[in-house]
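Asker: Mind looking over this structure? Questions follow.
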Amino acid sequence: NSTLHQGLCLLDPGIPHDAAAKAEITVEKLRGNISVLFGSGGNIIVLAGHDGTFLVDAGIAVSRARIQAALSQISDGPVKFLVNTHWHWDHTDGNEWVHNLGATIIAHENVLKRLSATTRVEEWNHTFQPWPTSGRPTVVFKTEKTLNFDGETIVLKSYGAGHTDGDVSVYFSNADVLALGDNFWNGYYPFIDNGVGGGIDGMIRWVNASLASVTDKTIIIPGHGPVGNRAQLVEFRDMLLTVRENVASLKKQGKSLEEVIAAKPTADYDQKWGAYVIDGALFTRLVYAGVG
């Protein structure tokens, strides 16, 4: 099951990547020459232009052959640009090979900071070594950057720390398609990287800001899960809010992390949202770390 292995890899990068290398890469065409590739770590977005392609996120490096095969079905042009929605390895592990094909890598300034240093993710029990220089972004920004590619206006935005301290959203203005990276997991509890400044409150702020910028016609691409829409993003936001309130209330009562987990503050959502990588207990742990 490639989805299961993708989940295991996400939580333990030390696991061999054989399954990620063999995982089928599926393509879903959206609109405005935009497609999504599923199967290698985080979702990969592709904008096909006349003289090349524009990527959002690069997946896991061992998927390279299958990703390239999928890309060749979409366009025979070279990859010109790659945007990283954040620093996590299941979105940036492919940076080096994409750059070596000639692409310029663009990201939030904190992504460059994270990929240039040794970074520990306690929940994954893994310490990441610095990315090779060729796998790091060379164009960075802090709050907003607008690009024009093959007639499409692409707006990159940061609303501050959310899932991590270096998240960006990518909005394809003409096509009305928004990629939110891991500030949106469609139908699943999200991972929250508290260790690098992420937190539940930041994620909620991110989702609210994103909701204010979209309509019911906007296609919204999550970092993980199927392509979504505004109603699904609202449902995700409401889940985040309720679990946050439940956990914060228990924590204010002086309950320890173990006591809060035992109280099952996610119980009403576990069946729908807890079926992927993050179960109710782990999500409770992640939320607990981020509330006062």
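The values are calculated or read from the model by the stated rules, or taken from the named source; none is laboratory data. Computed from a prediction, not measured in an experiment: that's the story for all the values here. Every residue, glycine among them, receives a Cβ derived from its backbone with ideal geometry; neighbour counts consider all protein chains shown. Accessible surface areas use protein heavy atoms only, side chains included; no ligands, DNA or RNA. Shrake-Rupley method; radii C 1.70, N 1.55, O 1.52, S 1.80 Å.
Asker: Would you tally the residues in the stretch 140-156 being within 11 Å of S173 (Cα to Cα) and open to solvent by 40 Å² or more (accessible area, probe 1.4 Å)?
Answerer: Total satisfying the criteria: 4.
Asker: Taking the condition surrounded by 22 or more Cβ atoms within 10 Å (Cβ to Cβ), under 17 Å from the mean Cα position of the chain (by Cα) and at negative phi, does I204 pass? Show your work before the answer.
Answerer: Values: surrounded by 22 or more Cβ atoms within 10 Å (Cβ to Cβ): no; under 17 Å from the mean Cα position of the chain (by Cα): yes; at negative phi: yes.
Answer is no for this residue.
Asker: Which numbered condition in (1) out of contact with any Asp or Glu (no Cβ under 8 Å at 6 or more places or on another chain); (2) buried (at least 18 other Cβ atoms within 10 Å of the Cβ); (3) in contact (Cβ under 8 Å) with a residue 24 or more places away in the chain is the only one that R244 fails?
Answerer: Of the numbered conditions (1) out of contact with any Asp or Glu (no Cβ under 8 Å at 6 or more places or on another chain); (2) buried (at least 18 other Cβ atoms within 10 Å of the Cβ); (3) in contact (Cβ under 8 Å) with a residue 24 or more places away in the chain, the odd one out for R244 is (1).
Asker: Right, here's the next one. Give just the number: which of (1) of a type in the set (G, A, S); (2) touching a strand residue (DSSP E or B) at 6+ places or on another chain (Cβ under 6 Å); (3) more than 30 Å from V214 (Cα to Cα) does A179 not satisfy?
Answerer: (3)
Asker: Please verify whether Y288 is under 20 Å from the mean Cα position of the chain (by Cα), open to solvent by 30 Å² or more (accessible area, probe 1.4 Å) and within 20 Å of N194 (Cβ to Cβ), treating the condition exactly as stated.
Answerer: Working: under 20 Å from the mean Cα position of the chain (by Cα): no; open to solvent by 30 Å² or more (accessible area, probe 1.4 Å): yes; within 20 Å of N194 (Cβ to Cβ): yes.
When the stated conditions are applied, Y288 does not pass them.
Asker: Among (1) in contact with a Ser or Thr (Cβ under 7 Å, 6 or more places away or on another chain); (2) open to solvent by less than 20 Å² (accessible area, probe 1.4 Å); (3) under 24 Å from F149 (Cβ atoms), which single condition is N100 missing?
Answerer: (2)
Asker: So L82 passes all but one of these: (1) in a helix (DSSP H, G or I); (2) free of Cβ contacts under 8 Å to residues at least 60 places away in the same chain. Which condition number does it fail?
Answerer: Of everything listed in (1) in a helix (DSSP H, G or I); (2) free of Cβ contacts under 8 Å to residues at least 60 places away in the same chain, L82 misses just condition (1).
Asker: Just to check your reading of the model, which residue among S72, S35 is over 21 Å from L156 (Cβ atoms), modelled with pLDDT of 95 or more and either open to solvent by less than 10 Å² (accessible area, probe 1.4 Å) or small (G, A, S) (or both)?
Answerer: Exactly one of S72, S35 is over 21 Å from L156 (Cβ atoms), modelled with pLDDT of 95 or more and either open to solvent by less than 10 Å² (accessible area, probe 1.4 Å) or small (G, A, S) (or both), namely S72.
Asker: Kindly establish whether V177 is farther than 22 Å from P265 by Cα, open to solvent by less than 10 Å² (accessible area, probe 1.4 Å) and modelled with pLDDT of 95 or more.
Answerer: So V177 passes the test.
Asker: For the condition assigned to a loop (DSSP other than H, G, I, E, B) and either touching a helix residue (DSSP H, G or I) at 6+ places or on another chain (Cβ under 8 Å) or not β-branched (V, I, T) (or both), what is the one hit in G160, G202?
Answerer: After applying the criteria, what remains is G160.
Asker: Would you please name the residue that is farthest from the chain's Cα centre (by Cα), looking only at residues in the stretch 111-139 that are in a helix (DSSP H, G or I), surrounded by 12 or more Cβ atoms within 10 Å (Cβ to Cβ) and without any contact (Cβ under 8 Å) to a residue 40 or more places away in the chain?
Answerer: Kept after step one, since they are in a helix (DSSP H, G or I), are these residues of the stretch 111-139: 111-115, 122-124, 133-135.
Still in the running and surrounded by 12 or more Cβ atoms within 10 Å (Cβ to Cβ): 111-115, 123-124, 134-135.
After this cut, where a residue has to be without any contact (Cβ under 8 Å) to a residue 40 or more places away in the chain as well, the list is 112, 115, 134.
Details: L112: 16, L115: 16, S134: 21 Å.
Here the residue is S134.
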